[in-house]
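Written below as structure tokens is the structure these notes are about.
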Amino acid sequence: MGRFQISGLQIVGGWCRFSEIRFQISFSCAERSKSALRMLARPGMNPKADELKARTKRFALDILRFYRTLPNSDAGRDIGRQLMRAATGVASNYRATCRARSDAEFAARLGVVLEEADESLFWLELITEDGLSRSEDALRMMDEASQLTAIFAASTITARARLEQTTSRQRHATRPSYDFTTIK
């Protein structure tokens, strides 16, 4: 069999090699092999998504550390817990977004991530404005929450537009054509 090179994916014979992970692919027809390659290349192959996964995880870990510095008052504990839930929700829901099985699921999960990021920003604003904490860490995390919110807002808009475009294309492609000529 021949050798093929597609975006860093090398196929030799019936074996597909990418990042030292090997899969065997059957080449019964060209179209089948192209769709198999798309499926194999999709998970974990987007460096921007991997970078954003690491960034959201770092944000959640920073919030967990910050929570321990809040005062041991009712307000500090209650608002801190809400902040922890929202910040860890950003990381966990973004991770789930990366595993979406369809464009619709991706757009919906991204919307949840946006809500969690915005909620994290809200709790951080409340903490600083109320005076529970005015530390450099609080201001730095407010900035990070604001940046994450902006990133996920833009991503949500793009994902929804792409979903609408795909849905529109599918509707037009699957419309049946009718021939209304009279039969004699």
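The values are calculated or read from the model by the stated rules, or taken from the named source; none is laboratory data. Everything quoted here is computed from the prediction, not taken from an experiment. Cβ atoms come from the backbone with ideal geometry, glycine included; neighbour counts cover every protein chain shown.
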Checklist entry - Out of the residues in the stretch 90-117 that are of a type outside the set (A, V, I, L, M, F, W, C) and more than 17 Å from Asp50 (Cα to Cα), which is surrounded by the most Cβ atoms within 10 Å (Cβ to Cβ)? => result Glu116
Checklist entry - Quick one: which of Ala60, Ala54 is at pLDDT 95 or above, out of contact with any Phe, Trp or Tyr (no Cβ under 6 Å at 6 or more places or on another chain), surrounded by 15 or more Cβ atoms within 10 Å (Cβ to Cβ) and assigned by TED's automatic domain parsing to the domain that holds Met141? => result Ala60
Checklist outcome for this item: Those residues of the stretch 101-116 which are out of contact with any Phe, Trp or Tyr (no Cβ under 7 Å at 6 or more places or on another chain) and more than 18 Å from Gln170 (Cβ to Cβ) amount to Arg109, Gly111, Val112, Glu115, Glu116
Item to check | Answer from Ser133, Ser146 - the residue that is of a type outside the set (Val, Ile, Thr) and not in a helix (DSSP H, G or I) | outcome: Ser133
